[in-house]
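Notes follow the structure.
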Amino acid sequence: MTKRIAVVAANGKAGQLIVREAVERGNDVTTFVRSENRTVAENVVVKDIMDLTPKDLVGFDAVVDAFGAWTPETLPQHSTTLAHLCDILSGTDTRLLVVGGAGSLYVNPEHTMTVSETPDFPEMFKPLASAMAEALSDLRERDDVRWTYISPAGDFQAEGERTGEYILAGEELTLNDRGESIISYADYAIAMVDEIESGDHIQQRISVVCK
């Protein structure tokens with residue numbers, strides 16, 4: 001069944017691939033971008049994420065939050081933009097699916113330590129991991145939104161190949177049969193659209209890793 005999907009901040013690499021995957025499966029996709037559309041979607045709205053209103057997102061089955069920020073001064077926007085989307089979608093049936101991070105995945109069954117807290121986690125990525133973890137923490141407090149947060153594997157490869165297969169996992173960092181925590185943006189996009197079309201992980205964080 002065709003889904004009406006909005007992809008917000010769609011011009012990034014992950015956003016573009018999610019749009020392509022959804023369009024190629026015959027879904028009705030609208031992208032929300034700040035500048036010239038770089039996706040394959042025909043329905044385009046040029047508007048900053050913080051300027052979106054409930055009216056902009058009415059009637060969609062799912063909204064994908066593909067927002068990303070990398071510089072120190074913009075990292076807090078992970079929380080502010082996600083909170084804004086939650087406020088817009090509060091009390092509606094529209095699903096909110098978030099392109100998440102791997103740093104907040106747990107590395108032990110007790111869920112007391114995350115990937116970003118391990119000794120080998122690169123120092124340069126800690127601020128980003130912390131900002132994304134804070135946004136996820138805030139999201140967990142929202143019981144008024146039908147959200148799903150999808151974390152990639154530890155090695156999230158922008159130019160990785162599309163294998164068409166992945167392992168669906170939960171809150172813990174999961175390794176494949178080769179002992180790897182790896183997934184391409186293209187396979188992540190498949191998992192995202194699968195979740196929109198047939199998944200029901202409402203108010204849950206899930207994760208995906210290459211098979």
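The values are calculated or read from the model by the stated rules, or taken from the named source; none is laboratory data. Computed from a prediction, not measured in an experiment: that's the story for all the values here. Note that each Cβ is placed from the backbone with ideal geometry, even for glycine, and that neighbours are counted across all protein chains shown. Areas reflect the complete protein model, heavy atoms only, side chains present, ligands, DNA and RNA absent. Shrake-Rupley method; radii C 1.70, N 1.55, O 1.52, S 1.80 Å.
Beta carbons closer than 6 Å, at least 6 apart along the sequence or on distinct chains, pair a first residue in region 31-55 that is of a type outside the set (Phe, Trp, Tyr) with a second that is open to solvent by 60 Å² or more (accessible area, probe 1.4 Å) and assigned to a loop (DSSP other than H, G, I, E, B) for Asp48/Arg34. Taken over region 138-147, the residue count meeting the criterion of being buried (at least 20 other Cβ atoms within 10 Å of the Cβ) and farther than 13 Å from Leu85 by Cα is 0. Checked against (1) touching a strand residue (DSSP E or B) at 6+ places or on another chain (Cβ under 6 Å); (2) on the phi > 0 side of the Ramachandran plot; (3) not aliphatic (A, V, I, L, M), Trp147 passes all but a single condition, namely (2).
Of note, Glu161 does not satisfy the criterion of being in a loop (DSSP other than H, G, I, E, B) and more than 25 Å from Ala10 (Cα to Cα). Hey, does region 178-190 have a residue that's open to solvent by 20 Å² or more (accessible area, probe 1.4 Å), outside any loop (DSSP other than H, G, I, E, B), among the polar types (S, T, N, Q) and in contact (Cβ under 8 Å) with a residue 24 or more places away in the chain? Checked region 178-190: no residue is open to solvent by 20 Å² or more (accessible area, probe 1.4 Å), outside any loop (DSSP other than H, G, I, E, B), among the polar types (S, T, N, Q) and in contact (Cβ under 8 Å) with a residue 24 or more places away in the chain. Scan region 191-211 for residues that are part of a helix (DSSP H, G or I) and of a type outside the set (A, V, I, L, M) and report the count. Summing the residues that are part of a helix (DSSP H, G or I) and of a type outside the set (A, V, I, L, M) in region 191-211 gives 4. Could you look through region 67-101, keep only residues that are more than 14 Å from Ala135 (Cβ to Cβ) and small (Gly, Ala, Ser), and pick out the one that is nearest to the chain's Cα centre (by Cα)? Within region 67-101, the match that is nearest to the chain's Cα centre (by Cα) is Ser90. The requirement of being open to solvent by 50 Å² or more (accessible area, probe 1.4 Å) and hydroxyl-bearing (Ser, Thr, Tyr) is not satisfied by Thr174. Residues in region 191-201 that are open to solvent by 50 Å² or more (accessible area, probe 1.4 Å) and in contact (Cβ under 8 Å) with a residue 24 or more places away in the chain: Glu197 alone.
When you look at Thr163, is it over 21 Å from Thr80 (Cα atoms) and polar (S, T, N, Q), yes or no? The answer is yes for Thr163.
Screening region 1-108 for strands (runs of 3 or more DSSP E) wholly inside it with 1 or more residues that are crowded, with 18+ Cβ neighbours inside 10 Å and acidic (Asp, Glu) returns the ranges 62-65.
Residues satisfying the criterion are present in region 122-142 (criterion: in a loop (DSSP other than H, G, I, E, B) and at pLDDT below 95).
Could we say that Asp155 is acidic (Asp, Glu) and either surrounded by 15 or more Cβ atoms within 10 Å (Cβ to Cβ) or under 16 Å from Ala102 (Cβ atoms) (or both) here? The answer is yes for Asp155.
Apart from one condition, Pro127 fits all of (1) in contact with a helix residue (DSSP H, G or I) (Cβ under 9 Å, 6 or more places away or on another chain); (2) surrounded by 13 or more Cβ atoms within 10 Å (Cβ to Cβ); the exception is (1). The set of residues in region 109-120 being over 17 Å from Thr174 (Cβ atoms) and either open to solvent by less than 70 Å² (accessible area, probe 1.4 Å) or part of a helix (DSSP H, G or I) (or both) consists of Glu117 alone.
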